[in-house]
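One structure is given here, and the rest of the page talks about it.
Quick note: the coordinates plus some simple rules give every number you see, no bench work behind them. As the structure is a prediction and not an experimental result, all values here were calculated from the model. Ideal geometry is used to build each Cβ from the backbone, glycine not excepted, and the neighbour counts take in all protein chains shown.
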Amino acid sequence: MDISLLRTFRETARLGSVTAAARTLGFTQSAVSRQLAVLEATVGAPLFDRRARGVELTEHGRSFLPHAEALLERLDEARRELRALDELEHGQLRVGAFPTAVAALVSRAMAAFGAEHPAVTLSLVEGTTRRQLARLREGLADVAVVSAFPGQALGGKEFQFTHLLDDAMLIAVPKDHPLARRRSLRLDQLAGERWIGADTDHDDRRLGPEHLHLTQPPQVGFVVSEWTAKLGLVAAGLGITPVGSLAAAAVRRDVALVPLRAQDARSRAVYAATVRGLTRTPATREFLDILQSTAAQLRAEQPVTATSR
């Protein structure tokens, strides 16, 4: 049923006049009469009695009027909700990210988004890149922040990736370690060190000594999953480990971060991922813009030195 017919019917019933309804709606009188005739044919009943001074609802018309008004109100309500989504006065945003991305990049971006759009419900699930891509595939996330080392495949053509920044590897050592006083490190200076390794069974993008071009095989003393656990072992003097620069601001005070010299440095690329071909929600589009702005701010910040954190 043409919604415009319902509006014409409602306005004619309100004013009791085809002429007045035509004037209010911006139609000709004959156009209003034709619309009412089409509506009466559609519902299969006469809706108005024509009188000398106007029109009057029939019994069928009086019965049909509240239904027409309810339909028009529901449509107006739906349009208000859609407009609220477009203006970010309503809706949700489901974000996923690997742990070190949450430490600075994603947390700052979510805070900026929440400050600008407090009516949008934000949620975050932390997990490996592999898990985040699976959540996107299953429709459980709107955007995911993921990573990959050079030469690593992220996913198939089902995903669209927006490069945000490169996460440089820093070497985490105990605060009182002799290497903590150096401004930068050569790979050969790490020979003989005991390493804290990363559990890569579930995702080979976790930072471990195997991602460095070390001059000899690393001596791995412990293998753990999360970077916070790795740093706890480092602080206890049980080894050293690579840490992404994204996590630098959150590193504990009894651990020092030392960058590698430029020719030895390695990075993993960090991307915002969405499902290719799906319509992005207004909240997703806005968050992607904020993510890119936040990443630009992080890139502009001064690099971390060997200062204790």
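Per-structure values
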| item | result |
| --- | --- |
| The chain: antiparallel DSSP beta bridges as a percent of all, rounded to 5 | 65 percent |
| Dipole magnitude (debye, nearest 20) for the stretch 106-211, charges at Cβ of Lys, Arg, Asp, Glu | 320 debye |
| Test item: Cα-centred dipole of the stretch 92-300, Lys/Arg +1 and Asp/Glu -1 on Cβ, debye | 300 debye |
| Computed [θ] at 222 nm, helices only, for the chain once each DSSP H run of length n ≥ 4 contributes -39500 (n - 2.57) | -11500 deg cm²/dmol |
| Separation between Cα centres of the stretch 9-40 and the stretch 58-123, rounded to whole Å | 35 Å |
| Three-way shape call for the stretch 72-144 based on the alpha-carbon gyration tensor, with the a/c threshold at 1.5 | oblate |
| For q = 0.10 Å⁻¹, Debye-computed log10 I/I(0) when each Cα of the stretch 3-86 counts as one equal scatterer | -0.26 |
| Convex hull projection area averaged over all views, the stretch 96-192, Cα basis, nm² | 9.3 nm² |
| Spin-label zone in the stretch 101-123 - amide nitrogen under 16 Å from a point set 7 Å from the Cα of residue 278 along the C-beta vector | 123 |
| Translational D in µm²/s for the stretch 56-97 (Stokes-Einstein at 37 °C, 0.692 mPa s, Kirkwood Rh from C-alpha pairs) | 253 µm²/s |
| Percentage, to the nearest whole number, of Cα pairs in the chain over 26 Å apart | 59 percent |
| Within the stretch 11-139, percent of DSSP bridges classed antiparallel, to nearest 5 | 40 percent |
| Summed side-chain charge close to residue 93 - residues other than residue 93 whose Cβ falls under 10 Å, Lys, Arg +1, Asp, Glu -1 | -1 |
